[in-house]
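*Asks:* Take a look at the following structure, please.
The values are calculated or read from the model by the stated rules, or taken from the named source; none is laboratory data. This one's a predicted model, so the numbers in the text were calculated from it and none came from an experiment. Reconstructed Cβ throughout: ideal geometry from the backbone, glycine too, with neighbour counts over all protein chains shown. Ligands, DNA and RNA are stripped out before the accessible areas are found, and what is left, the full protein with its side chains, is counted by its heavy atoms. Shrake-Rupley method; radii C 1.70, N 1.55, O 1.52, S 1.80 Å.
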Amino acid sequence: MVPPGFPDFMSRTRVVRPGRVPLEGRAWSGYGEVARVEVSTDDGRSWGEAELAPPDGNVWAWRRWRTSSAAEPGRQVPSARATDATGRTQPVEQPWNRGGFGNNLVQRIPVVCVPGTCHGPPLFSGAVRPPSSPDAAGRGG
């Protein structure tokens, strides 16, 4: 899952504002084509289905998915899990093994939603544009 919002440097907790928050990512399985992705925002107590991008024809390919969630003030733990065409679903808890191999558990992302609105101009305004080509001296235009 692409972590939503922006990170707190020390805790790695993500910070978002109230409202709809896009949740998106990519899923892959070593056993078959990804058939379903489910997303939870309450640390795995409940799950809802995400929208999958169309398959690209290769059963071993990563598959994009997306959904959104209503962020309310407080702490949330979004996570996503994939199920493949063979019926295998990512485990919520990692089965133990001596070498620590095969880590395929559901990744949890701590998020805090802070109330209020941002004051001042937006950090990014307008469309993102590529840098202009360098001039003869190698400087950007």
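*Asks:* If I filter the stretch 47-76 down to residues being part of a loop (DSSP other than H, G, I, E, B) and of a type in the set (Phe, Trp, Tyr), which single residue comes out as nearest to GLY5 (Cα to Cα)?
*Replies:* Looking at residues that are part of a loop (DSSP other than H, G, I, E, B) and of a type in the set (Phe, Trp, Tyr), I get TRP47.
*Asks:* Scanning the stretch 29-46 for residues that are in contact (Cβ under 8 Å) with a residue 40 or more places away in the chain and more than 20 Å from PRO4 (Cα to Cα), which turns out surrounded by the fewest Cβ atoms within 10 Å (Cβ to Cβ)?
*Replies:* TYR31
*Asks:* Considering only residues that are within 25 Å of PRO91 (Cβ to Cβ) and of a type in the set (Lys, Arg), look in the stretch 4-28 and name the one that is surrounded by the fewest Cβ atoms within 10 Å (Cβ to Cβ).
*Replies:* ARG12
*Asks:* Which condition does SER11 not pass, out of (1) more than 17 Å from the chain's Cα centre (by Cα); (2) within 15 Å of GLN107 (Cβ to Cβ); (3) of a type outside the set (D, E, K, R), if it passes all the others?
*Replies:* For SER11, the exception is condition (2).
*Asks:* Looking only at the stretch 94-109, filter to residues that are part of a loop (DSSP other than H, G, I, E, B) and in contact (Cβ under 8 Å) with a residue 40 or more places away in the chain; which one of those is most open to solvent (accessible area, probe 1.4 Å)?
*Replies:* Across the stretch 94-109, the extreme among qualifying residues is GLN107.
*Asks:* State whether one or more residues within the stretch 85-98 are farther than 24 Å from VAL15 by Cα, of a type in the set (A, V, I, L, M, F, W, C) and under 20 Å from the mean Cα position of the chain (by Cα).
*Replies:* Scanning the stretch 85-98 turns up no residue that is farther than 24 Å from VAL15 by Cα, of a type in the set (A, V, I, L, M, F, W, C) and under 20 Å from the mean Cα position of the chain (by Cα).
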